[in-house]
Amino acid sequence: MRAEFWGIIICFLKGDKVEGFIVYIYLAMLAAAAVGFFIGAVKYLRPRKPLYASMIVLGVGCIMIGKAYTILRIITGLEIEGIFHVGMLGTVGAFAFFFSANFGQIDSLVDDGGGTFLKYRLISLSAIIVTAAMYLFILLGPAPTAEKIIDGVVAVSIAAASYFHLKHIIIPDIDYGVVNCLRIYNALALAYGLLCMLEIMSAANGGFTVFRVTVCLLECVVSLLLVPAMDKGVQKWSK
Amino acid sequence: MEQISEILFICIVMPMIPMLFVLPDKKSRLFVGYLMVGSLICLMAGALNLFLLQIFNGDMLYVTTTITPISEEVLKAIPVLYLAIFFTDDRETLLSASFALGVGFAILEDAVILAQNPSAISLGWAFTRVVGAALMHGACTAMVGMGMSYIRKRRKLFFCGTVALLIAAILFHATFNVLVQSSFRIAAFLLPMSLYLPVIFYQIRQRKKKK
């Protein structure tokens, strides 16, 4: 087992395509999301805790189950690329929760929809434009049409959430100070969205490369830090 | 027997209808009603899944691990959404009604599997169905019901929050279905337990506190 493990890594570093390596990467991603989720679940998945925090924790939970499902598909010999599978919904679910938390819970505290913050709303659109540009790259690539459609659904969820992540990083928060406390979390969530798009891009443009591994490892780190960063922010605002 | 699902539905669910008129309190009626609705949803899901199986060229493995979790969770969520939108946002009511719906679904599903393949059925099968599939259906629907009680009053949260909850339930259901068909079958039975037990411990503690 140990020899097999190192054998796969050596083959991969030599440039040989080794599908088995994907399992290790996904396992690392699962472990990172699981640690984040359990830290958050113990603290926030109970009544009388901020709904915002619970939603972020559930979002990380979606990442965790999505990765677990993908690993199981690989182990049971089912395909994970070029077809629709539920593992992709892990990312969609995560960003649906992140979007709901920011849009439904926090946004109205800093933005009344008036002209004062128009500048920040317009700048935040750049997150959507960047995601759309990355998706355009996928559209022009060699991936099958079905994969392009599914990637489109994932891109929409990332774009919608990223708009609010970027907005909550740059918008001034004078009245309540809640968004101020969550800037680090929002920066990490924005980075996670970007990394997810990069992973989809590299997957759509050919196999399992060193670039994709690097992106996946960065995803591990960011998904691990999401809940602690949010927790720190929530503790600051509730002081 | 071509209409086995319909026959089982009539045999299991129809006797509950007279009971609805006898039950004295509203909550019991709601609970039994949602148990029946769960079985009805199972009947509908069975027909829909057969249709989906035809669309995907009879690829049973792909359909059960990818498509049926979506179709079943969406169908199960509709009555829960109806209850949450038009009648109540009380957490306990939504939780018990949605759990009853999930269990009602599982009861008919178990009965259909049993009737279709009686030679492969054993006591072990029955216990694993109870701990695994029945609890999974209950837990997934209860997850949506519980979540609805938090987001129902917030207009901005309602749509995106419902979608997010549904996706979480679909992921959970699909992971269970893949686990059941893998060599990690035992984990499939631990998965619903991992969601169910913390909720039960919490409820028991809350009840003790109230006393």
### Task
Would you check if residue B:191 is under 30 Å from residue A:99 (Cβ atoms) and assigned to a helix (DSSP H, G or I)?
yes
### Hits in region A:81-104 (condition: facing chain B (nearest Cβ under 7 Å) and touching a Pro at 6+ places or on another chain (Cβ under 9 Å))
A:86
#### Entry: From the options B:139, B:97, B:111, residue that is within 16 Å of residue B:8 (Cβ to Cβ), assigned to a helix (DSSP H, G or I) and open to solvent by less than 60 Å² (accessible area, probe 1.4 Å)
B:111
#### Entry: Residues located in region B:167-187, provided they are under 16 Å from residue A:93 (Cβ atoms), within 8 Å of chain A (Cβ to nearest Cβ) and among the hydrophobic types (A, V, I, L, M, F, W, C)
B:167, B:168, B:170, B:171, B:172, B:174
### Message
Can you confirm whether residue A:26 is at pLDDT 80 or above, more than 10 Å from chain B (Cβ to nearest Cβ) and more than 15 Å from residue B:147 (Cβ to Cβ)?
### Response
yes
### Task
Looking only at region A:39-70, count how many residues are at pLDDT 90 or above, more than 11 Å from chain B (Cβ to nearest Cβ) and open to solvent by 40 Å² or more (accessible area, probe 1.4 Å).
1
### Query
Within region B:33-52, can one find any residue that is among the polar types (S, T, N, Q) and open to solvent by 50 Å² or more (accessible area, probe 1.4 Å)?
no
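Among what's in region A:71-80 and is within 8 Å of chain B (Cβ to nearest Cβ) and free of Cβ contacts under 8 Å to residues at least 12 places away in the same chain, pick the residue that is farthest from residue B:156 (Cα to Cα). Break it down into steps so the answer makes sense when it comes.
The initial filter retains those residues of region A:71-80 that are within 8 Å of chain B (Cβ to nearest Cβ), namely A:72-73, A:75-76, A:78.
From what's left, free of Cβ contacts under 8 Å to residues at least 12 places away in the same chain: A:72, A:76, A:78.
Numbers: A:72: 35, A:76: 40, A:78: 38 Å.
Within region A:71-80, the match that is farthest from residue B:156 (Cα to Cα) is A:76.
Would a scan of region A:140-150 turn up a residue that is loosely packed, with under 14 Cβ neighbours inside 10 Å and within 22 Å of the chain's Cα centre (by Cα)?
There is at least one residue in region A:140-150 that is loosely packed, with under 14 Cβ neighbours inside 10 Å and within 22 Å of the chain's Cα centre (by Cα).
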### Message
It is to be established whether one or more residues within region A:101-124 are modelled with pLDDT of 85 or more and touching a Gly at 6+ places or on another chain (Cβ under 6 Å).
### Response
no
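Residues that are closer than 26 Å to residue B:167 by Cβ and free of Cβ contacts under 8 Å to residues at least 40 places away in the same chain: which helices (runs of 4 or more DSSP H) entirely in region A:127-209 hold 3 or more of them? If you could, list the steps in order and put the result at the bottom.
Values: elements: A:145-170, A:178-181, A:183-204.
Hits in region A:127-209: A:145-170, A:183-204.
Return the only residue of B:61, B:20, B:50 being within 14 Å of another protein chain (Cβ to nearest Cβ), over 16 Å from the mean Cα position of the chain (by Cα) and assigned to a helix (DSSP H, G or I). Give the steps one after another, and end with the answer.
Numbers: B:20 fails: within 14 Å of another protein chain (Cβ to nearest Cβ); B:50 fails: within 14 Å of another protein chain (Cβ to nearest Cβ).
B:61 is the lone residue from the list that is within 14 Å of another protein chain (Cβ to nearest Cβ), over 16 Å from the mean Cα position of the chain (by Cα) and assigned to a helix (DSSP H, G or I).
Report yes if some residue within region A:108-117 is assigned to a helix (DSSP H, G or I), within 10 Å of another protein chain (Cβ to nearest Cβ) and open to solvent by 30 Å² or more (accessible area, probe 1.4 Å); otherwise report no.
Residues of region A:108-117 that are assigned to a helix (DSSP H, G or I), as a first pass: A:108-110, A:115-117.
Checking which are within 10 Å of another protein chain (Cβ to nearest Cβ) leaves us with A:108.
Now narrow it down to the ones that are open to solvent by 30 Å² or more (accessible area, probe 1.4 Å): A:108.
So far as region A:108-117 goes, yes, one or more of its residues are assigned to a helix (DSSP H, G or I), within 10 Å of another protein chain (Cβ to nearest Cβ) and open to solvent by 30 Å² or more (accessible area, probe 1.4 Å).
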#### Entry: Residue that is least open to solvent (accessible area, probe 1.4 Å) [pool: residues in region A:152-182 that are modelled with pLDDT under 90 and of a type in the set (D, E, K, R)]
A:173
### Message
Exactly one of these conditions fails for residue A:104: (1) among the small types (Gly, Ala, Ser); (2) open to solvent by 10 Å² or more (accessible area, probe 1.4 Å); (3) over 18 Å from residue A:230 (Cα atoms). Give me its number.
### Response
(3)
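The values are calculated or read from the model by the stated rules, or taken from the named source; none is laboratory data. Because the structure is predicted, anything quoted here is derived from the model rather than measured. Cβ: placed from backbone, ideal geometry, glycine included. Neighbour counts: every protein chain shown. Keep in mind that these areas ignore ligands, DNA and RNA; they rest on the heavy atoms of the full protein, side chains included. Shrake-Rupley method; radii C 1.70, N 1.55, O 1.52, S 1.80 Å.
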